[in-house]
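**Student:** Let me begin by handing over the structure; questions about it come next.
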Amino acid sequence: MSLRIGDLAVRTGVKVATIRWYEKVGLLTEPGRTGANYRLYDEDALRRLTFIRRARDLGFSLDEVRELLDLSGHGSRDCAAVDEIASRHLVEVERKLVDLGRLRERLSQLIASCAGGRVDDCRILEALGPDG
């Protein structure tokens, strides 16, 4: 199987520019090319890019994705390293959720402080200003 970059993009849901960038940063190996200089991707590239997209959808950083890809190539190794990466990421997600909860509360307070009226008297805009 050979896919051109546009076909790979459609099959994986990853934009063409992002595929090129993943090649540039070494997450994907540069594919072979046709005589007309079109990139041609194989089944392995499709699997790898799907893995990258799914990991990114879960919020893993590029460095974490790189680590996970490296580990996925060593099937006989203990998966403790994978668990460690996922656990670290979960801690970060939970920290962000706490931060988002605080943000939600603050925004709710700002919205509740709005009594309507003119923009000149807007409590939300006032809170965003230099003296807020």
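**Student:** Going by the structure shown, is residue 52 touching an Asp or Glu at 6+ places or on another chain (Cβ under 6 Å) and modelled with pLDDT of 95 or more?
**Tutor:** Here the answer is no, as residue 52 does not meet what is asked.
**Student:** With the requirement that a residue be open to solvent by less than 30 Å² (accessible area, probe 1.4 Å) and either part of a loop (DSSP other than H, G, I, E, B) or closer than 21 Å to residue 68 by Cβ (or both), what does the stretch 1-12 give you? I'd like the intermediate steps shown before the answer.
**Tutor:** Step one: filter the stretch 1-12 for residues open to solvent by less than 30 Å² (accessible area, probe 1.4 Å), giving 3, 5, 8-9, 12.
Within the stretch 1-12, 8, 12 meet the criteria.
**Student:** Same structure, new question: Condition check: among the polar types (S, T, N, Q) and within 21 Å of residue 93 (Cβ to Cβ). Does residue 61 satisfy that? Step through it out loud before you land on a result.
**Tutor:** On the way: among the polar types (S, T, N, Q): yes; within 21 Å of residue 93 (Cβ to Cβ): yes.
For residue 61, the condition - among the polar types (S, T, N, Q) and within 21 Å of residue 93 (Cβ to Cβ) - is met.
**Student:** Tell me, which helices (runs of 4 or more DSSP H) wholly within the stretch 13-132 include 3 or more residues that are β-branched (Val, Ile, Thr) and open to solvent by 70 Å² or more (accessible area, probe 1.4 Å)?
**Tutor:** Working: elements: 16-24, 43-57, 62-72, 80-113, 123-128.
Qualifying helices (runs of 4 or more DSSP H): 80-113.
The values are calculated or read from the model by the stated rules, or taken from the named source; none is laboratory data. Quick caveat: nothing in here was measured; it's all calculated off a predicted structure. Because the Cβ atoms are built from the backbone with ideal geometry, glycine has one as well, and the counts that use them run over all protein chains shown. For the accessible areas, the whole protein counts, side chains as well, though only heavy atoms, and no ligand, DNA or RNA atoms are used. Shrake-Rupley method; radii C 1.70, N 1.55, O 1.52, S 1.80 Å.
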